[in-house]
1. Let me check against my output: what whole-number percent is the relative contact order of the chain, with C-alpha pairs under 8 Å and at least 6 apart?
2. How far is helix 18-29 tilted off the main Cα axis of the chain, in degrees rounded to 10, range 0 to 90?
3. Take the alpha carbon gyration tensor of segment 3-131, find the square roots of its eigenvalues, order them as a ≥ b ≥ c, and report rounded if a/c is under 1.5; if not, report prolate when a/b exceeds b/c, else oblate.
4. May I ask what percent, to the nearest 5, of DSSP beta bridges between residues of the chain are antiparallel?
5. I'd like the trypsin sites (Lys or Arg not before Pro) in segment 1-106 restricted to DSSP loop residues with at most 12 other Cβ atoms within 10 Å, sorted by number.
6. In terms of Cα to Cα distance under 17 Å, which aspartates and glutamates are near enough to Lys68, apart from those fewer than 8 places away along the same chain?
7. Would you mind calculating the relative contact order of segment 56-132 from Cα pairs under 8 angstrom and at least 6 residues apart, reporting the percent as a whole number?
8. Would you mind telling me the share, in percent, of accessible area of the chain contributed by carbon and sulfur at probe 1.4 angstrom?
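The values are calculated or read from the model by the stated rules, or taken from the named source; none is laboratory data. Just so we're clear, the structure is a prediction, and the values are computed from it rather than from any experiment. Here Cβ is always computed from backbone atoms with ideal geometry, including for glycine, and neighbour counts include all displayed protein chains. Side chains are part of the model used for accessible areas, which takes the heavy atoms of the whole protein and leaves out ligands, DNA and RNA. Shrake-Rupley method; radii C 1.70, N 1.55, O 1.52, S 1.80 Å.
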Amino acid sequence: MAPSNSQIAHIGLAVEDLETALSFFKDVLGHEPTGVESADGAEIASLRFGDVDIELLKPQKPDSPIGKFIAKRGPGIHHICLRVPDLDAAITDCQSKGYQMIDAEPRTGAGGHRIAFLHPKSTFGILLELTD
Ligand code: ZN
């Protein structure tokens, strides 16, 4: 994975109430979501900031990944997604260098993008998502 070819794709924020969070971005910044969809047990609203999206993640049930995150840590930054030139190569590279993947194979995430998560134990407590 060549770091110079990687960039931030989106930042995922865990929120308890999507309407309240969307109101802030609309009232303060004039931002409307580019879309709202469901993935991984969360309702996801995407807001575009230049080349980077902010994804507001609201749990659809308490035992979903976002629901558990909020119960344990409260709302806030949930993950950062990095765009890499070649997701398959990045996964192989991470594994060969001893970094633990949550997803050993790419899977389909929000927006139909191919994604894979690294385990936070391998990335100093930060949940990192990779996409291409
Ligand atoms: Zn994400």
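1. Values: 269 pairs, mean separation 33.7, N = 132.
About 25 percent, as a whole number.
2. That helix lies at roughly 80 degrees to the long axis.
3. It is prolate, given that a/c is not under 1.5 and a/b is the larger ratio.
4. So the antiparallel bridges in the chain amount to around 75 percent.
5. Lys97
6. Glu16, Asp17, Asp40, Glu43
7. 28
8. Numbers: 4010 of 7390 Å².
C and S fraction of accessible area: 54 percent.
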